[in-house]
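See structure below.
The values are calculated or read from the model by the stated rules, or taken from the named source; none is laboratory data. The model shown is predicted, which means the values in this text are computed figures rather than measured ones. Here the Cβ positions follow ideal geometry from the backbone for every residue, glycine too, while neighbour counts run over all protein chains shown. Heavy atoms of the whole protein, side chains included, go into the accessibility calculation; ligands, DNA and RNA do not. Shrake-Rupley method; radii C 1.70, N 1.55, O 1.52, S 1.80 Å.
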Amino acid sequence: MNRMQMKEFLKELYNTRKSGGDILKVIADYEAKYKNVYFFNDFCAKFILTQKENLLMTADLVNAALQLTGSDCITNPRIEIPVVSGGPIYRDIEEDVLLSQARFDSKGKKIPGDLIGIEFQHKGGSFYNNRLVFYVARHVGNMLKEGEFYTELQNLNLISFQMFDYLPWKVSRQYRHTVRFMDDEHNTFNRLQTITIIEVNKFLEHAGTEFANDKSRRAQWLRAINALNENLDFSEFARDEIFARLQKRVEMSRFTPEAFIKAGKHMKDDVEIAAFLAAEKVRKEYEAREAAYESEKAEYEAREAAYEAREAAYETEKAALLARIKELEAVQKS
């Protein structure tokens, strides 16, 4: 299923359950039509990627997104509870997937490891970059225990698979971006906190043109996921052990009716974000009207100032003319 088909499925399932109808029939009808779930659905991705038997597949996706090779690769990840406490600042929020990877030096001594968050996002706006920064800040703030020094900080990677552009095509023809602290001369200040942005739609829109020769593992993942979402021919990917596993894990038959009902509850995030975007649109429209009013006001004041300047010039000329008349009258009398 693609995103809209998945959304309609979850909506129909919710309404059927609410009315006391046959939810198993709804599931069977959609399974016969589409077979696979929509991978980028928050709940589906989380369900697939956090299963213990799928962790090697999850690690492969992470390594592809981060372009990790050799000893830097994530090889034995552990699933962590992904809640990022908002405390008094905001309600608790969570990434879709949170992993950790232990690290050891050449002598077998434990050293600071990796923390990897994975987020799937369909709607963007000015809030989303702030949300990613918030994730990073809260994770870093919770890394050190009392008595630990700053050298104990973990290597944090936050991966954002987003279905909207971080940068428009006319600005950037890259679909992967790495965000780190940098100084004013573009020197990297710190490599321990990294946000990696994958613009999924930008890649797919140009997969057959600009990115046709992209043979990276990351590109393979995006093509394979898209083939499953759109029910396209998967034969070119089926020979790959990881993608063959992925093909089986996205089948609707892998999910229980209860899981789908739970997935429907996650749609509330879309509602909240849509409400935020609508409010942001209203705010921008108001600001535009305010700017137009201020512009008109400035033009009116400029016209008023010009009129007053002309009036002042007229009065000056009038005074000069009257003075000249008096001079002439004085000459005539003499």
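Give the number of residues within the range 48-79 that are open to solvent by 50 Å² or more (accessible area, probe 1.4 Å) and under 20 Å from the mean Cα position of the chain (by Cα). Outline the logic, then answer.
Going residue by residue through the range 48-79, those that are open to solvent by 50 Å² or more (accessible area, probe 1.4 Å) are 51-53, 56, 67, 69-72, 75-76, 78-79.
Of the ones still in play, those that are also under 20 Å from the mean Cα position of the chain (by Cα) are 67.
Looking only at that region, the number is 1.
So how many residues does the range 182-228 have that are aromatic (Phe, Trp, Tyr), over 18 Å from Ile159 (Cα atoms) and under 20 Å from the mean Cα position of the chain (by Cα)? Write out each step before concluding.
As a first pass, look at the range 182-228 and keep what is aromatic (Phe, Trp, Tyr): 189, 203, 211, 221.
Those left that are additionally over 18 Å from Ile159 (Cα atoms): 189, 211.
Pick out the ones that are also under 20 Å from the mean Cα position of the chain (by Cα) and you get none.
Adding up the residues that qualify gives 0.
Take Asn2 and decide whether it is at pLDDT below 95 and surrounded by fewer than 20 Cβ atoms within 10 Å (Cβ to Cβ). Quick ask: steps written out before the conclusion?
Details: at pLDDT below 95: yes; surrounded by fewer than 20 Cβ atoms within 10 Å (Cβ to Cβ): yes.
Judged against the criteria, Asn2 is a match.
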task: Of all residues in the range 98-127, count the ones that are closer than 24 Å to Thr58 by Cα, under 25 Å from the mean Cα position of the chain (by Cα) and aromatic (Phe, Trp, Tyr).
output: 1
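Show me the strands (runs of 3 or more DSSP E) found entirely inside the range 94-207 where at least 2 residues are open to solvent by 60 Å² or more (accessible area, probe 1.4 Å).
On the way: elements: 97-104, 110-121, 155-162, 176-182, 188-199.
Hits in the range 94-207: 110-121, 176-182, 188-199.
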- prompt: Which one is farthest from Arg249 (Cα to Cα), of the residues in the range 6-37 that are in contact (Cβ under 8 Å) with a residue 24 or more places away in the chain and open to solvent by 50 Å² or more (accessible area, probe 1.4 Å)?
  reply: Arg17
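Could you please find all residues in the range 190-206 being more than 24 Å from Lys46 (Cβ to Cβ) and modelled with pLDDT of 95 or more? Reasoning before the result, please.
Going through the range 190-206, the residues more than 24 Å from Lys46 (Cβ to Cβ) turn out to be 190-192, 205-206.
Within the range 190-206, Glu205, His206 meet the criteria.
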message: Cβ-Cβ under 7 Å, sequence separation 6+ or interchain: first residue in the range 147-162 and free of Cβ contacts under 8 Å to residues at least 60 places away in the same chain and closer than 14 Å to Ile111 by Cβ, partner outside any loop (DSSP other than H, G, I, E, B) and of a type in the set (D, E, K, R). Which pairs?
response: Gln154/Asp114; Asn155/Asp114
